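The values are calculated or read from the model by the stated rules, or taken from the named source; none is laboratory data. Quantities reported herein were computed from a predicted structural model and do not represent experimental measurements. Note that we place each Cβ from the backbone using ideal geometry, even for glycine, and neighbour counts take in every protein chain shown. Quick note on the areas: whole protein, heavy atoms, side chains included, nothing else; ligands and nucleic acids left out. Shrake-Rupley method; radii C 1.70, N 1.55, O 1.52, S 1.80 Å.
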Amino acid sequence: MREKGLIGAGMVFCMISCMALFLCSCGKQQPDSAGKVHIGVAYYDQSDTFLNQLLDCLRERIREFETEEFETMITVRDAAGSQRTQDDQVKELIDAGCNVLCVNLVDRANPSEIIDLAREYDVPIIFFNREPVAEDMMQWDKLYYIGADAEQSGILQGELAADRMKEAAQTDRNKDGKIQYVVLEGEPGHQDTIIRTESVVETLKNSGIELEKLSYGIANWNRAQAQNRMMQMIGQYRNQIELVLANNDDMALGALDAYEKLNYTESALPVFFGIDGTDEGLEAVKDGRLSGTVYNDKEGQAEAMARLAVALVSGEGLEELLKEMEFEDGKYCYLSYEKVTKDRVEEFLEK
């Protein structure tokens, strides 16, 4: 009887062990990723020039961590402006074995599905360039943000424009003591659009520049759309426009394209200012086509993203990194913008 009891107990133990293994195999687990960082990048739209240049920097930076013992890999997905598509792409990236995510949200106010997926599979998220709202960042302790302060970019753009207005009296072509201006804005309702526009105008006014707003155009950060909006405003206001403030370089260049298409002479052009310091924007500053731009430190952001991704996957040096890079509340890293004028542009082109 004792022998039968032992056999029965053994069978029960085996069954329980098998059931435990079966349940574990059905759980939401990532494959073993020791010695490998596989970054899944999900970004809102591949037409964004700045983001493409930022991702090029990220690819270069993450390769510097490659060794015989440590493998690096990046998989990129473009959501083409659809949050639904981006949600699906994040699931695909996780299923493909990505063990850290870098997400540039389509809709910064709607990250919950992505966060839920990442938390379910225990894959940390580094949000970049488009900052989620604070409440969403509190949903999980493995959420981070790397970017820049939109208000600072608007203030610096305003300071650049104010300096130009004071140094070049001919900007006020009609000599009425005011600067007639238009604004080319990014997406309607987008945080950076609102903040950049408000802060640049406020800075100009605080600098003693009297302004008269003629119009604005929504161009969704896009050069071709900016050209179309600028053509419409030129058609309405013709030579009245003295200053063009654009929320990014692509839209500033699109405004220039409109004037060039209409064969305006250089003396009849307004002055143009952008933000981001893209390669094309910097070249336009060098050539004198843009009066200035504000440099968004893509190299610094890429380095921060790469270092944080490696620390999150390897589990080494995370706390030290967060302190070294001065992450606010252990979650937010903001890199500074810089003003770019013709006399400083070469140092930024060399980056």
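Remark: pairs (first residue in the stretch 301-318, among the aromatic types (Phe, Trp, Tyr); second residue open to solvent by less than 30 Å² (accessible area, probe 1.4 Å); Cβ separation under 7 Å; 6+ apart in sequence or on different chains) are absent.
Remark: residue 233 matches the filter, which requires a residue to be part of a helix (DSSP H, G or I), at pLDDT 95 or above, surrounded by 14 or more Cβ atoms within 10 Å (Cβ to Cβ) and of a type in the set (A, V, I, L, M, F, W, C). Tell me the residue from 58, 105 that is buried (at least 17 other Cβ atoms within 10 Å of the Cβ) and part of a helix (DSSP H, G or I), please. That would be 58, the only listed residue that is buried (at least 17 other Cβ atoms within 10 Å of the Cβ) and part of a helix (DSSP H, G or I).
Out of all the residues in the stretch 266-278, which are of a type outside the set (Gly, Ala, Ser) and open to solvent by 80 Å² or more (accessible area, probe 1.4 Å)?
Selection gives 266 alone.
Just give me the residues in the stretch 311-345 being out of contact with any strand residue (DSSP E or B) (no Cβ under 9 Å at 6 or more places or on another chain) and surrounded by 12 or more Cβ atoms within 10 Å (Cβ to Cβ), in sequence order. Walk me through it before giving the result.
Within the stretch 311-345, the subset out of contact with any strand residue (DSSP E or B) (no Cβ under 9 Å at 6 or more places or on another chain) is 311, 315-321, 323-324, 329, 343.
The answer is 311, 317, 318, 321.
Results for (1) farther than 18 Å from residue 281 by Cβ; (2) without any contact (Cβ under 8 Å) to a residue 12 or more places away in the chain, shown as yes or no for each residue.
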residue: 192; (1), (2): no, no
residue: 216; (1), (2): yes, no
residue: 235; (1), (2): yes, yes
residue: 243; (1), (2): no, no
residue: 253; (1), (2): no, no
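Restricting the stretch 166-191 to residues that are out of contact with any Ser or Thr (no Cβ under 8 Å at 6 or more places or on another chain) and within 23 Å of residue 250 (Cα to Cα), the residue that is surrounded by the fewest Cβ atoms within 10 Å (Cβ to Cβ) is 188. Exactly one residue out of 213, 205, 142 is open to solvent by 20 Å² or more (accessible area, probe 1.4 Å), touching a Pro at 6+ places or on another chain (Cβ under 8 Å) and of a type in the set (Lys, Arg): that is 142.
For beta carbons closer than 7 Å, sequence separation of 6+ or different chains, a first residue in the stretch 161-178 that is more than 19 Å from residue 197 (Cα to Cα) and a second that is part of a helix (DSSP H, G or I) and open to solvent by less than 70 Å² (accessible area, probe 1.4 Å), the qualifying pairs are 171/165.
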